[in-house]
1. Only residues that are touching a residue at least 40 places away in the same chain (Cβ under 8 Å) and either loosely packed, with under 15 Cβ neighbours inside 10 Å or over 20 Å from residue 12 (Cβ atoms) (or both): list them for the range 162-174, please.
2. Taking the range 133-162 only, how many residues are in contact with an Asp or Glu (Cβ under 9 Å, 6 or more places away or on another chain) and not in a strand (DSSP E or B)?
3. So how many residues does the range 129-161 have that are surrounded by fewer than 18 Cβ atoms within 10 Å (Cβ to Cβ) and touching a Pro at 6+ places or on another chain (Cβ under 6 Å)?
4. Can you confirm whether residue 97 is buried (at least 18 other Cβ atoms within 10 Å of the Cβ) and farther than 30 Å from residue 151 by Cα?
5. For residue 154, are the conditions met, namely being farther than 23 Å from residue 69 by Cβ and touching a helix residue (DSSP H, G or I) at 6+ places or on another chain (Cβ under 9 Å)?
6. Report the residue count in the range 79-130 for those that are modelled with pLDDT under 90, among the small types (Gly, Ala, Ser), on the phi > 0 side of the Ramachandran plot and not in a strand (DSSP E or B).
Amino acid sequence: MFRSSDESKPEVFKREAASVDKNYQIQANDLLQLDVFTNKGERIVDPNPELTQTVAATAQSTTVFNYLVESNGLVKFPMIGQLQVNGLTIRQAEEIAQKEYAKYFNDPFVRLSFVNKRVIVLGAVGGQVIPLTNQNVTLIEVLALAKGLNNEAKANNIKLIRGEHVYQIDFSTIQGFKDGNMLIEPGDVVYVEPIRRPFTEALRDNFTVISLIVSLSTLVVVIRSVK
């Protein structure tokens with residue numbers, strides 16, 4: 001089963017996706033865009049353009065410089081050289097780069113952003129950011145990269161959020177799998193609904209109370225045995 005629905009509000013998923021994206025840790029093959037500004041807001045021109053990959057969308061567009069994170073986690077920026085960024089969030093990497101550029105400029109401001117095409121997976125598989133390293137990646141491939149559908153996931157209720165639309169997909173049947181295994185686009189958000197277990201959740205929520213009751217009961221038994 002596969003259908004487009006506007007009933008689920010995409011902004012709810014997008015807010016959660018933004019939170020996951022903020023905590024994403026930089027890894028090898030990530031492509032970063034670097035902008036450095038003076039304390040007056042002036043953009044600092046790259047002094048070593050040969051170190052960068054230039055991307056110009058149009059003749060009027062601003063030149064964009066992208067920097068690749070190598071397999072060892074190092075990225076090479078102009079002037080400050082190599083920085084170890086593997087495992088850092090984008091904000092942590094900005095702080096390190098900013099300290100290095102402060103050796104050359106007074107109170108600089110550094111902004112880093114990801115250039116990679118990525119998709120965010122939420123729900124039963126946990127909040128994950130999956131880089132799209134290849135073209136024509138399907139939904140099932142993204143789920144496989146997110147460690148697949150476990151016993152806590154509802155295969156019949158997977159949501160793909162794309163722009164203002166929410167597509168509901170059912171992977172519990174062969175036909176649903178055929179219909180729903182669509183190509184993923186950069187910026188998509190995938191939500192896998194977790195299986196709700198009321199008894200387990202209630203037990204977890206009341207664990208403190210239950211532990212207290214058990215402790216008191218044990219204490220009473222001990223006191224009676226002493227008497």
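1. Answer for the range 162-174, where residues must be touching a residue at least 40 places away in the same chain (Cβ under 8 Å) and either loosely packed, with under 15 Cβ neighbours inside 10 Å or over 20 Å from residue 12 (Cβ atoms) (or both): 163, 164, 165, 170, 173.
2. The total comes to 3.
3. Number satisfying all stated conditions: 1.
4. yes
5. Answer is no for this residue.
6. 1
The values are calculated or read from the model by the stated rules, or taken from the named source; none is laboratory data. None of the values given here were measured: they were computed from a predicted structure. Every residue, glycine as well, gets a Cβ built from its backbone with ideal geometry; the counts of neighbours run over all protein chains shown.
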